[in-house]
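Visitor: There's a structure below that I have some questions on.
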Amino acid sequence: MSRIQDCFARLGEQQRKALIPYITAGDPTLEVTVPAMHAMVEAGADVIELGVPFSDPMADGPVIQKACERALRAGTSLTRVLEMVGQFRRDNDTTPVVLMGYLNPVEIMGYARFADACVAAGVDGVLLVDLPPEECEDVAPLFRERGIDLIFLIAPTTTDARIRSIAAAASGYLYYVSVKGVTGSASLDVNEVAARVETIRNLAQLPIGVGFGIKDAQSAQAVSRVSDGVVVGSVLVSQAAEHEQHPEKIAPAMAAILADMRAAMDKP
Amino acid sequence: MTERPDYKAFPDQRGHFGQFGGRFVSETLMAALDELETMYRRLKDDPQFQADFDYDLAHYVGRPSPLYLAERWSRELGGARVWLKREDLNHTGAHKVNNTIGQALLAKHMGKKRVIAETGAGQHGVASATVAARLGLECHVFMGEEDIRRQRLNVYRMKLLGANVVPVTSGSRTLKDAMNEAMRDWVTNVDDTFYIIGTVAGPHPYPMLVRDFQAVIGREAREQCLKQAGKLPDALVACVGGGSNAIGLFHPFLNDDGVAMYGVEAAGDGIDTGRHAAPLSAGRPGVLHGNRTYLMEDDNGQIIETHSVSAGLDYPGVGPEHAWLKDLGRVQYVAANDQEALAAFRELTMVEGIMPALESAHAVAHARKLAPTMDKDQNIIVNLSGRGDKDILTVAEIDGIEF
């Protein structure tokens with residue numbers, strides 16, 4: 001069983017929901033990321049989505065665009081991000097790590113080489129924003145053979161037929177994007193999310209994480225009631241911006257936000 | 001020996017030109033692209049839609065554009081006869097309007113009330129704002145801050161046309177960043193918004209439909225050349241940024257084996273300086289803006305900044321069909337640097353009284369090199385994709401003149 005399956009199975013038994021933080025690797029320095037990952041686990045994170053910075057993050061709002069710029073200025077590359085995961089794994093062998101980013105850095109590294117490097121580093125899943133299932137038929141087996149989960153997005157605009165084909169290509173969990181827009185944009189409508197998650201549940205067997213528009217403990221709690229997991233990104237990443245000059249404050253600030261969310265989500 | 005492919009049979013059903021093209025976008029846009037593709041496939045064979053398109057091209061754009069024999073210039077070059085396909089005479093001053101007319105008709109059929117566009121030199125922005133004004137659509141044009149500075153006249157034109165010009169301050173503040181921002185807007189407003197992409201790049205079906213709308217250039221040129229020169233041309237020359245004017249000229253000739261084709265990229269300060277915008281000459285394949293193509297990128301797959309005196313060619317990618325035609329060897333991709341383009345701009349203005357856009361001046365620069373190597377009974381068609389009025393301030397600045 002993969003770390004991701006294991007994680008959701010364990011949470012299911014405990015009747016708890018997954019808290020899934022996203023941070024951009026190497027933002028604002030290469031050194032902050034691994035300690036921040038550990039601090040987030042300590043604060044209650046179940047799965048970590050580690051963002052691979054890209055020069056042209058088309059699906060992201062200003063907060064993550066700027067995070068990418070800071071991370072790239074600090075010298076972050078896909079190779080460096082894989083090294084960070086390897087370093088994280090020295091002290092943590094249970095928390096799943098998903099690399100999230102855009103296709104081009106992977107394209108240039110080469111798919112087989114990247115998949116091998118994921119295994120070596122201890123990466124559990126890969127979410128490539130601009131790689132829909134239709135375009136990944138050739139490369140998907142490279143990940144499947146190595147036990148790396150391919151995680152795909154489902155959007156408010158995704159048709160039922162597409163949900164079925166996405167679910168067939170995906171493993172680990174499905175990531176439901178709760179709003180039409182870029183990361184960190186509008187607030188979500190919980191009732192709408194609940195209805196959509198119900199639809200996805202009827203068409204797919206995988207756990208469903210919900211992201212985009214989750215900003216605080218209250219929205220995290222509300223979304224956790226209607227899904228299997230809550231993805232939190234921009235609100236954490238904005239801590240890296242706020243404390244850019246005092247990077248030692250970043251991990252505690254991220255942890256504090258997650259601890260509040262965890263407490264709210266675990267309330268009976 | 002393998003038979004050459006039927007070039008006109010591409011892209012395939014999924015929008016691929018060999019390994020290039022495709023649809024690499026986030027999930028939110030997949031439904032919108034499916035909808036656009038379905039609508040386009042239905043309308044492109046609909047006689048009424050084609051008649052509407054042709055009517056607008058004739059009466060609003062002023063087509064057909066002339067194929068003009070540049071006699072004096074040809075004589076000075078001392079080789080092949082050079083013909084100019086006068087897209088600069090189109091309404092709004094460039095080939096861009098052929099495409100915006102077509103896409104605006106699609107938007108109308110799809111009931112979209114709001115259109116967005118990205119622009120570099122401002123020509124596509126102006127062409128989009130123009131059709132939006134005519135159809136009463138709300139129009140937002142994304143433009144890099146650097147390009148807004150370089151192309152002040154076009155910015156003001158767009159405002160006069162009622163468009164909202166949105167300055168883009170991220171990244172290199174040029175065309176690629178404007179396209180990122182337009183994509184972000186589209187994801188956010190996908191229900192009521194039509195994205196008018198200005199070139200043969202982006203996710204499928206854009207490279208196909210923009211090409212089809214621009215292919216009017218080559219269809220006319222082919223017919224005009226047969227009539228005026230009595231035979232097919234020996235060579236075609238067009239500048240390539242995203243590559244819409246080039247593919248528009250080339251496509252109807254692709255299966256004519258005797259017609260050589262040259263796509264001219266922007267070499268900026270020179271290919272060897274690294275400061276250029278020539279992905280086909282010096283880049284490698286990757287994925288950006290929804291398609292796989294040649295890109296300017298570093299060893300880590302990050303897109304790098306481009307440099308060209310011409311804002312319209314200042315783009316790190318290129319249409320996927322060009323990437324495919326390069327690998328097949330059907331089209332030769334060459335480059336002209338800033339100095340060569342500026343010299344060509346001045347020469348054509350002085351010798352023929354025709355001021356080319358700085359983008360088109362790259363094609364003119366290559367024709368200058370090519371014509372003397374050919375015989376006097378041979379014919380070259382240069383796509384004069386736009387007029388140079390918008391570039392007067394840029395050239396004046398280089399000359400140290402202030403208004």
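Visitor: Going 7 Å from the Cα of B:Glu71 in the Cα-to-Cβ direction, what parts of region B:220-234 have a backbone nitrogen less than 17 Å from that spot?
Guide: Under 17 Å, as judged by backbone N against the label point of B:Glu71, lie B:228-230 of region B:220-234.
Visitor: Hey, rough spin-label estimate for A:Asp93 and A:Ser187, points 7 angstrom out along Cα→Cβ, what's it come to in nanometres?
Guide: In this crude spin-label approximation the distance works out to 4.5 nm.
Visitor: Still on this structure: For A:Gly184, what residues show an amide H to amide H distance below 5 Å, using hydrogens built from the backbone and excluding near sequence neighbours?
Guide: A:Gly213, A:Ser234
Visitor: In addition: If one computes the Cα centroid of region A:218-235 and of region B:201-221, what distance in Å separates the two points?
Guide: Between the Cα centre of region A:218-235 and that of region B:201-221, the gap is 44 Å.
Visitor: Rounded to the nearest 500 deg cm²/dmol, what is the calculated helix-only ellipticity per residue at 222 nm for chain B, with -39500 (n - 2.57) per DSSP H run of length n ≥ 4?
Guide: Working: 16 runs with 167 residues, N = 403.
Value at 222 nm, helices only: -12500 deg cm²/dmol.
Visitor: Further, regarding this structure: Given a Förster distance of 30 angstrom, what is the FRET efficiency for B:Ala31 paired with B:Glu138, based on the Cβ-Cβ distance and rounded to 0.05? Provide the component values of the computation, followed by the final result.
Guide: Numbers: r = 22 Å, r/R0 = 0.73.
According to the calculation, E is roughly 0.85.
Visitor: Could you let me know the centre-to-centre spacing of region B:385-403 and region B:275-337, using Cα atoms, in angstrom?
Guide: Between the Cα centres of region B:385-403 and region B:275-337 lies a distance of 26 Å.
Visitor: For the modelled label position 7 Å from the Cα of B:Ile271 along Cα-to-Cβ, which residues of region B:229-263 have backbone nitrogen atoms closer than 13 Å?
Guide: Label zone hits: B:263.
Visitor: Still on this model: In region A:176-220, which residues have a backbone nitrogen under 18 Å from the label point lying 7 Å from A:Glu13's Cα in the Cα-to-Cβ direction?
Guide: Zone members listed by number: A:207.
Visitor: Ordered by residue, what ³J(HN,Hα) values in Hz, to whole numbers, does region A:135-150 give under the Karplus form 6.51 cos²θ - 1.76 cosθ + 1.60, where θ = phi - 60° and Gly and Pro are x?
Guide: Karplus-based 3J(HN,Hα) across region A:135-150 equals 8, 10, 4, 5, 9, 3, x, 4, 7, 4, 4, 9, x, 8, 6, 9 Hz.
Visitor: Here's another thing I want to ask about it. Between B:Trp83 and residues 5 or more places away or on another chain, which pairs have amide H atoms under 5 Å apart, with H built 1.01 Å from N, and which residues are they?
Guide: It is B:Ala70, B:Ile380, B:Ile381, B:Val382, by chain and number.
Visitor: Work out how much length B:Glu223 to B:Thr349 would gain on full extension: take 0.36 nm times their residue separation and subtract the Cα-Cα distance, in nm to one decimal.
Guide: Between B:Glu223 and B:Thr349, full extension yields 42.7 nm more.
Visitor: Between B:Lys231 and A:Ala241, what FRET efficiency follows from the Cβ-Cβ distance if R0 is 60 Å, with the result rounded to 0.05?
Guide: Efficiency, from the Cβ-Cβ distance: 0.40.
Visitor: Quick check: the distance between the Cα centres of region B:42-108 and region B:363-380, to the nearest angstrom?
Guide: Between the Cα centre of region B:42-108 and that of region B:363-380, the gap is 22 Å.
Visitor: Still on this structure, I have one more. Below 8 Å between Cα atoms, with a sequence gap of 6+, how large is the relative contact order for region A:3-263 in percent? All intermediate terms of the calculation are to be shown ahead of the outcome.
Guide: Working: 492 pairs, mean separation 62.9, N = 261.
So the answer I get is 24 percent.
Visitor: Can you list the HN-Hα couplings for region B:378-393, worked out from phi with the Karplus curve (6.51, -1.76, 1.60; θ = phi - 60°), rounded to whole Hz and with x for Gly and Pro?
Guide: 9, 10, 10, 10, 9, 7, 8, 5, x, 8, x, 3, 5, 9, 4, 5
Visitor: When B:Thr28, B:Thr373, B:Thr293, B:Thr100 are ordered from fewest to most other Cβ atoms inside 10 Å of their Cβ, what list results?
Guide: B:Thr373, B:Thr28, B:Thr100, B:Thr293
Visitor: Counting only residues 5 or more places away or on other chains, whose amide H sits under 5 Å from the amide H of B:Val166 once H atoms are built in the peptide plane?
Guide: For B:Val166, whose amide H was placed from the backbone, the distant partners under 5 Å are B:Val141, B:Phe142, B:Met143.
Visitor: Quick check on the protein assembly as shown: of the DSSP beta bridges with both residues there, what percent are antiparallel, nearest 5%?
Guide: Percentage antiparallel, nearest 5: 20.
Visitor: Measure off 7 Å from each Cα along the Cα-to-Cβ vector at B:Leu328 and A:Ala256, then give the distance between these two points in nanometres to one decimal.
Guide: 6.1 nm
Visitor: To continue, here is another question. Sum -39500 (n - 2.57) across every DSSP H segment of at least 4 residues in chain A, then divide by the residue count to get the 222 nm mean residue ellipticity, nearest 500. Let's see the in-between values first.
Guide: Numbers: 12 runs with 132 residues, N = 268.
That calculation yields -15000 deg cm²/dmol at 222 nm.
Visitor: Within 10 Å of each residue's Cβ, count the other Cβ atoms and sort A:Thr183, A:Thr199 from fewest upward.
Guide: Lowest count first: A:Thr199, A:Thr183.
Visitor: Filter the trypsin sites (Lys or Arg not before Pro) in region B:3-83 to those in DSSP coil with at most 14 other Cβ atoms within 10 Å of their Cβ, and list the result.
Guide: B:Arg14
Visitor: Which ³J(HN,Hα) values, rounded to whole Hz and listed in residue order, are derived for region B:245-252 from phi using the Karplus coefficients 6.51, -1.76 and 1.60 in 6.51 cos²θ - 1.76 cosθ + 1.60 with θ = phi - 60°, glycine and proline given as x?
Guide: 6, 5, 5, x, 6, 5, 3, x
Visitor: Among B:Ser244, A:Ser77, which comes first, then next, by fewest other beta-carbon atoms within 10 Å?
Guide: On the way: B:Ser244 28, A:Ser77 22.
Ordered from fewest to most neighbouring Cβ atoms within 10 Å, B:Ser244, A:Ser77 come out as A:Ser77, B:Ser244.
Visitor: Run through the DSSP bridge list for region B:140-279 and note the antiparallel percent, rounded to the nearest 5.
Guide: Values: 2 of 12 bridges.
Of the beta bridges lying entirely in region B:140-279, close to 15 percent run antiparallel.
Read-outs: derived from the displayed coordinates by stated rules, not from any lab. For clarity, every value in this text was computed on a predicted model and none was experimentally measured. Backbone-built Cβ (ideal geometry, glycine too); neighbour counts: all protein chains shown.
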